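Every read-out reported here was derived from the displayed coordinates using simple, explicitly stated rules and does not represent laboratory data. Because the structure is predicted, anything quoted here is derived from the model rather than measured. Quick reminder, even Gly has a Cβ in these numbers, built from the backbone with ideal geometry, and neighbours come from all protein chains shown.
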Amino acid sequence: MKNKKKSLKVIGVVFAILLITLIIGLFSPTWTPHIKGKNSISVLEQVKINGSNHEIMIRGKDRNNPVIILVHGGPGCPEIPYADKYQDLLENKFTVVNYDQRASGKSYHFFEDYSNLSSDLLVKDLLAMTDYISKRLGKEEVILIGHSYGTYIATQAAYKAPEKYKAYIGIGQMSDTVEIETDSLNYSINQAKKAGNKEDVSYLQGLTEKIKNGDMFTPRNYVIKYGGDSRLIDNPDGDSLSMLFSSEYNLLDVIRYNYGLAYSQQTLLKEVLKNPLPNLVTKLNLPCYFVMGKYDYMTSSNATKKYFNMIEDNQKEFITFEKSAHYPQFEEKEKFYKWMSDTFSN
């Protein structure tokens, strides 16, 4: 009887410790590391933009430097949890703004109604965010960077309000969706053949008709498996464990990230298939740069180059990073920093 009571007591203590640990994990404070300097800025906070609370992170050694607004991909894949790992160089000469889009990451709120979530709404959010950041940091124009799905939003914002932006940079730029997915599928099949993975080849070949008809995307786990997403780093998106070890996200934020990711993908991806960018934007009235990794088969450099050639713009440039795939700004961050520094200055 004594042993049984002792066992129950031990179980109770263990349960209490686990409960306390869970509560601490869920509600522990989050922050972004301080940057030294009298005119530096390093903030992580919620601001109401276009009627919804958005998480923003602003970092830079001198707030007078040119401002970059980064529009993350996914949909539903915020970059705040790992941004400081890759943008440390950029922060020397730029003030960098990351934000979690509506219904994504720390901007996902369990009791908010997202039934109106659409790419049009995310574009409006971005334009309102631009106004907020421009006023807060005292800049008439900012540099707009979209990555992956973020280019679907950012390209439309640049088209609608070119006066707000010094330039538009599309990294892993989206283009004709069916062509992207067909390229991704063919790449994955060819790589599977080279690896001798007959099951993968058979499965992927069976998707050909649906993908060419625009009914589905090439399963991203195969593109990732065969190196079409990243070459020099591990894919940083969706790594819940790494998020928990970041100072910007706690356990509750990781849960929100995964809820937001599932909802955003289900809601927004069908728009990309139905209305690819070449149907929406073929003319830009500001400097435009497409930065693509040579081995990018998440958005396909080949398809993006065709879209680039379609765009009417007095100043445009297509830049290829020879060692990268879908994350050239991270995979070759030194090269990207040098290009940004050479291209933009005070």
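Listed peptides 247-255, 153-161 appear in the order 153-161, 247-255 once ranked by packing, highest mean of other Cβ atoms within 10 Å at the front. Here the gap between Y203 and L252, fully extended at 0.36 nm per residue and compared with their Cα-Cα distance, gives a gain of 14.0 nm.
Compared with the alpha-carbon gap, the fully stretched path from E334 to F111 is longer by 76.1 nm at 0.36 nm per residue.
With contacts taken as Cα pairs under 8 Å at a separation of at least 6 residues, the chain carries a relative contact order of 20 percent. Pairs of Cα atoms nearer than 8 Å and 6+ residues apart set the relative contact order; for the range 62-192 it is 27 percent. When the pairs K124/K283; K36/K135; K61/K225 are compared against a 28 Å limit on Cα-Cα distance, K61/K225 fall above it. Between N186 and K305, the simple spin-label model (points 7 angstrom out along Cα→Cβ) gives 1.3 nm. In the chain, helices alone account for a calculated mean residue ellipticity at 222 nm of -14000 deg cm²/dmol, with every DSSP H run of four or more residues adding -39,500 (n - 2.57). Going from the fewest other Cβ atoms within 10 Å to the most, the residues D88, D342 appear in the order D342, D88.
Phi-derived couplings, Karplus 6.51 cos²θ - 1.76 cosθ + 1.60 at θ = phi - 60°, listed residue by residue for the range 201-207: 4, 4, 5, 5, 4, x, 8 Hz, with x used for Gly and Pro. Pair-distance distribution of the chain: all C-alpha pairs, bin width 10 Å, starting at 0; shares per bin in whole percent are 5, 24, 33, 22, 9, 4, 2, 1, 0. According to the Cα-based calculation, Rg over Rh for the range 263-346 is 1.01, with Rh computed by the Kirkwood formula. This ranking places S242, S42, S188, S202 by how few other beta-carbon atoms lie within 10 Å of each, fewest first, which gives S202, S242, S42, S188. Measuring between their Cα centroids, the range 244-270 and the range 274-290 lie 28 Å from each other.
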